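Notes follow once the structure below has been shown.
The values are calculated or read from the model by the stated rules, or taken from the named source; none is laboratory data. Bear in mind that the values here come from a model prediction, so they are computed numbers and not experimental data. Cβ coordinates were reconstructed from backbone atoms using ideal geometry, including for glycine residues, and neighbour counts include every protein chain displayed. For the accessible areas, the whole protein counts, side chains as well, though only heavy atoms, and no ligand, DNA or RNA atoms are used. Shrake-Rupley method; radii C 1.70, N 1.55, O 1.52, S 1.80 Å.
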Amino acid sequence: MRVMNRKAAAHPARQVVRIAAAMFAAIMLAVLPAAAQPRDEAPEDFPQGANRDDTFYACTACHGFKLVAQQGMNRRQWDESISLMVSKHGMPAPEAADRDKILDYLEAAFPQRATPSRGGFRNPFAQ
Amino acid sequence: MAGFKLGRDSERARDAVQDTSQSQGDFGEESLTASRRGFLGGAGLAALGLATGGALPLLGDTAEAAPLNLPPALPQGVRQNAILDALPGKKPLIKLSYRPPNYETPIEYFRTAITPTDAFFVRYHLSDIPEIDPKTWKIDVGGEGAAGTLQIGLDDLKAMPAVEVVAVNQCSGNRRGLFDPHVPGVEWGYGAMGCARWKGARLKDVLAKAGIKKEAIEVVLSGADGPPFDKTPDFIKSIPVWKAMEDTTLIAYEMNGAPLPHLNGAPARIIVPGWTGTYWMKHINSIKAVTTPDKNFWMAGAYRIPLGKFPLVARFVSQETAVNTPITEMVVNSLISSHADGAKVKSGTPVGGIAWDGGYGIQTVEMSFDGGKSWMPAKLGEDLGRYAFRTFSLPVKGKGKITVMARATNAIGQTQTAKLIHNPPGYHHNVIQSVSLTVA
């Protein structure tokens, strides 16, 4: 893997992502019987809204969109999240207009939630 | 690299995504199904005979995605998309993300002190997870804090004195999804933890082979998994030398009597009993003694807790700042796992679960059947050592609808908190739990 990454450093960065994702898939496919393959995701799995597909592809180079969709945050918090991806995780900074589009979608699709329960722990089987 | 435009890079990311989704079928439809049955089907576990310690009929070996109900306190995005899904060699677990794989253990598996290997949770930060040939795999041991360097393979490790320890491996962020207000991260419920019998060589014996210098302050650990994108920092952690030298800090190659499964760190991983899972490096391939504090992102920029907020003993002094410290040992905690909330039980039925802490050992677990007004000591189960889950139970008392609570205390007098201790990364959730039961 390290070798792969080093070799790929000469290629456009996105190529690295593509190769790595393919390799991950290959590994998972290698160990799994065909019928038992957990499936990865598509934009259609997530709430509809303007800029959904672009946001999906901007945020899925390193991890699945499920990691994004399980958050519930306001625009400022989403903006901080993107800043973290750029400053700490090496995401190429999106251009301002694109960042706004991404934020529009994230804020609308995964808003800060009104918590159903105040006060910490809820029983695992409640509902 | 300069800024990227959505269109162009989207194309490429799209390719990457398509490469990972080669199977047919439509995960989307399943996850979005409006009318879904809870995986408990509304029936209490007791009604299904689970509380008596029988097999778990709910979870088959099928990899078919099954919908499930999760607590309302979890973020909507978790509840909307959560499904049970089986990774290679695993029972269906609760999927938080597939790339990288983050899967938690359903609560039914926490009725015993040992968590079955095939139900043990899976956590990765970075999605480039290599296949490893155990025959050619080697750990590089060295660093400026070591007198020499060496390479050590699986057979070398197995030839060294073997140590076994039963220890809880819990993600620092277990129960993060229950934080209110929300904190970003993997939104775990209760199952980002497990307890196993680990077998391996002592880390200190391996370090002794390289010769550790007295100036060494930390031991830096790195594994074979890495980022899919080379500008993303690799996952690297360090532990203080004193912790590395403890007799129970291991390079483990066995889990519950069998070779480590790949997704839990094969061929070998680091075991740091008492400390949160972040230090338990999987697929370990580099161990370096160093004389200055490690500064990489995963030490300096993540896994930190505010100073002074938690009642912890173990310190990681070389990494402390004026405001925060790396997370170290686990806080004392318990989980009621015998019954579903709302279950109907006969008076006198044993109700209980598991308790654990950062390695001082569980002293008592008290239970309340009246919402915390009065407390009684529960009966503790077998003692598998101070780093293990300890089971507890008590025959339920009362009539009608009652609130059951459990509160664990460890050997140094630490106990669970009544009110969440908020912290930005969402660590150390050990709020006292309450479950309502109807006693007939």
Quiz item: Can you give me the Cα centroid spacing of segment B:347-377 and segment B:266-284 in angstrom?
Solution: 29 Å
Practice problem: Give me the distance in nm between label points sitting 7 Å out from Cα along the Cα-to-Cβ direction at B:D118 and B:D205, one decimal. | Solution: 3.1 nm
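Run the dipole for segment B:253-366 about the Cα centre, Lys and Arg Cβ at +1, Asp and Glu Cβ at -1, nothing else charged, and hand back the magnitude in debye, nearest 20.
200 debye
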Practice problem: Over 27 Å between C-alpha atoms is what I'm after, so list which of B:K243/B:K282; A:K88/B:K237; B:K346/B:K373; B:K90/B:K209; B:K243/B:K419 land there. | Solution: B:K90/B:K209; B:K243/B:K419
Quiz item: Chains A and B: buried accessible surface, both sides, probe 1.4 Å, rounded to 100 Å²?
Solution: 7600 Å²
Quiz item: Just counting partner chain Cβ atoms within 10 Å, what average do the residues of peptide A:54-60 show around their Cβ?
Solution: 5
Quiz prompt | Per-q log10 I(q)/I(0), segment B:302-350, q = 0.13, 0.14, 0.16 Å⁻¹ (Debye; single scatterer per alpha-carbon; no solvent) | solution = -0.51, -0.53, -0.58
Quiz item: Where does segment B:138-326 land on Rg/Rh, using Cα atoms and the Kirkwood Rh?
Solution: 0.96
Exercise. Could you work out, residue by residue across B:121-130, how many beta carbons of other chains sit within 10 Å of that residue's beta carbon, and then give the average as an integer?
Key: 4
Quiz prompt | Theoretical gain in end-to-end length, B:E131 to B:M376 [0.36 nm per residue, Cα-Cα removed] | solution = 83.2 nm
Self-check item: Convex hull of Cα atoms in segment B:333-439, direction-averaged projection (nm²)
Solution: 6.8 nm²
